[in-house]
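*Asks:* Pasting a structure here, questions to come.
None of the figures in this text is laboratory data; all of them are computed from the coordinates on show. As the structure is a prediction and not an experimental result, all values here were calculated from the model. Cβ sites come from the backbone with ideal geometry, for glycine too, and all protein chains shown count toward neighbours.
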Amino acid sequence: MKKNRRRHPRATIRWPVTILTPEGPKHGETKNISVGGALVTCAYPLALHDRFCVIFRIPNHPPISVNTVVARTNYAGERTRMEVQGDVALYYTGLSDNERQILHAKVSQSALINELETLSMAVQHVYKVVHQQAIELQKTATILGKLDGLISRLTTQVRRDGLASKRARLPKDQ
């Protein structure tokens, strides 16, 4: 199992971003984010170690502009004007305390929401399993009830038949 070497926890967050490049603004979306960096998908190949200003468009919050450096990219080949979708890992440079606090709060909130959604799905799964087992138990109880009734009728029948056969074996002159 790979050891997580990240210094900051990441949360799966989809925020629109604008990357200010020398060729003009390019639009993308975060895939995950932390207070140290973000994984962004965009249709503009960014080169390793390039520096960009990225504007994060956080819902219900004013946009945050952050200076970043490309730490990792999965774009192949040289930069071209061709539109190609790819992921780029960015780390922040010069993040203000206020921006760090905002990102920390949003990442923590999103991580909690993700965890709650995961727990909710697990609870729903357990409920479905338990509900199905309850249905199976109810079916089993119904079958057992029918078997119990059948056994009672058979027992009664065997007793009657046993008494009848005993009577039949008794001498008639008695």
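*Asks:* Does a label point 7 Å from the Cα of residue 71, set along Cα-to-beta-carbon, have any residues of region 101-125 with amide nitrogen under 18 Å, and which are they?
*Replies:* 101-108, 111
*Asks:* Using only C-alpha positions, report the orientation-averaged shadow area of the convex hull of region 116-160, nm², one decimal. Walk me through the numbers on the way to the answer.
*Replies:* Numbers: hull surface 11.1 nm².
Mean projected area of the Cα convex hull: 2.8 nm².
*Asks:* Going highest first, how would you order 93-105, 136-148, 35-47 by mean Cβ packing within 10 Å?
*Replies:* Values: 93-105: 13.5, 136-148: 10.0, 35-47: 20.1.
Going from most to least packed, we get 35-47, 93-105, 136-148.
*Asks:* I've got another one for you. What distance in nm lies between label points placed 7 Å from Cα along the C-beta direction at residue 125 and residue 111?
*Replies:* With each label placed 7 Å out from Cα toward Cβ, I get 2.2 nm.
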